[in-house]
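**Student:** The structure is given below, and queries will be raised subsequently.
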Amino acid sequence: TYLPSDMHDTMMAPFEALHHGGVAQNHYFNDGITQTYPYKLQTQEALRRGTLAYWNPYILGGYPEYAETLADNFDPFNVILLWVPVKLAIPWQIALQMLLTGIGMLLLLRRLGTSLAVNVLFSGAFMLNSLFIATAACRWATATFCWVPFLTIALLDLLERRRLQDLGYASLALALSFLGGNFQSSFYVSILVALILLFGPSAQPF
């Protein structure tokens, strides 16, 4: 859950008026409370209305919420919001995307021929790495990078076999990665794709 919320309650107007000085011990969930949770409420309302082009009337004169990249409005895992309350949907999204990350890394390391022990160790480490844990409430990192192992597998297959279907798999994984994140995370993924295409192993010359 998003508790304790002491950062929000003791250091932000008008809630801090009830407290004497800032006593916050937990700043971790601040963005989750003030950004992610409201974003997901808006997305849930839009999905249940059957529209993705929706307007947020609560900020200034309103603005197009679907254009807000920090809200990961087009993350495929938002489908959970159709049936599950937001306070439960966000933890479910986090858990499912971390699980997908671990499965993807298992498959990638298996493709690279690592031993079972190394595979399990490093897949678990990647799935539970500090970036995913520290930014879990903000959603953009895990929602983007859970697709990266699958993207890497498809790109390596494309370089080695030059099959059209591998290009399709890589394009799909890249699109899902972009949809889950923001401009910053998409930039990182683009750099990764460029590095793999430039320096990855190739069975045939271009």
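The values are calculated or read from the model by the stated rules, or taken from the named source; none is laboratory data. Just so we're clear, the structure is a prediction, and the values are computed from it rather than from any experiment. A quick note on method: Cβ atoms are made from the backbone with ideal geometry, for glycine too, and the neighbour counts reach across all protein chains shown. These accessible areas exclude ligands, DNA and RNA; they are computed on the full protein's heavy atoms, side chains included. Shrake-Rupley method; radii C 1.70, N 1.55, O 1.52, S 1.80 Å.
**Student:** Go through the range 44-86 residue by residue and tally those that are at negative phi, aliphatic (A, V, I, L, M) and modelled with pLDDT under 85.
**Tutor:** 6
**Student:** Do we have any residue at all in the range 172-181 that's out of contact with any Pro (no Cβ under 7 Å at 6 or more places or on another chain), surrounded by fewer than 18 Cβ atoms within 10 Å (Cβ to Cβ) and hydroxyl-bearing (Ser, Thr, Tyr)?
**Tutor:** no
**Student:** So, one more: For the range 9-17, state whether one or more residues are open to solvent by less than 40 Å² (accessible area, probe 1.4 Å) and at pLDDT below 85.
**Tutor:** Looking through the range 9-17, at least one residue is open to solvent by less than 40 Å² (accessible area, probe 1.4 Å) and at pLDDT below 85.
**Student:** Six or more apart or on different chains, Cβ atoms under 6 Å: show the pairs whose first residue is in the range 190-204 and farther than 15 Å from Ala173 by Cβ and open to solvent by 70 Å² or more (accessible area, probe 1.4 Å) and whose second is acidic (Asp, Glu) and at pLDDT 95 or above.
**Tutor:** Hits for this filter: zero, empty list.
**Student:** Also, quick follow-up: List every residue pair whose Cβ atoms sit under 7 Å apart, with the two residues 6 or more apart in sequence or on different chains, where the first one lies in the range 56-78 and is aliphatic (A, V, I, L, M) and the second, anywhere, is not in a helix (DSSP H, G or I).
**Tutor:** Leu70/Asn182
**Student:** Any idea which of Leu116, Leu151, Leu159 is open to solvent by 70 Å² or more (accessible area, probe 1.4 Å) and either out of contact with any strand residue (DSSP E or B) (no Cβ under 9 Å at 6 or more places or on another chain) or of a type in the set (A, V, I, L, M, F, W, C) (or both)?
**Tutor:** Just a single option satisfies the conditions, and that option is Leu116.
**Student:** Another one. Could you check the range 119-144 and list, in sequence order, the residues that are crowded, with 18+ Cβ neighbours inside 10 Å, farther than 17 Å from Leu70 by Cβ, out of contact with any Phe, Trp or Tyr (no Cβ under 9 Å at 6 or more places or on another chain) and not polar (S, T, N, Q)?
**Tutor:** Matches in the range 119-144: Met127 only.
**Student:** Evaluate the range 37-48: report whether one residue or more is among the aliphatic types (A, V, I, L, M), touching a residue at least 12 places away in the same chain (Cβ under 8 Å), open to solvent by 50 Å² or more (accessible area, probe 1.4 Å) and farther than 24 Å from Ala173 by Cα.
**Tutor:** Yes - at least one qualifying residue is present in the range 37-48.
**Student:** Identify the single condition in (1) under 22 Å from Gln184 (Cβ atoms); (2) free of Cβ contacts under 8 Å to residues at least 60 places away in the same chain; (3) in contact with a helix residue (DSSP H, G or I) (Cβ under 9 Å, 6 or more places away or on another chain) that Ser130 does not satisfy, given that it satisfies every other one.
**Tutor:** Every listed condition holds for Ser130 apart from (3).
**Student:** Part of a helix (DSSP H, G or I), surrounded by 14 or more Cβ atoms within 10 Å (Cβ to Cβ) and modelled with pLDDT of 90 or more, is that true of Gln93?
**Tutor:** Judged against the criteria, Gln93 is a match.
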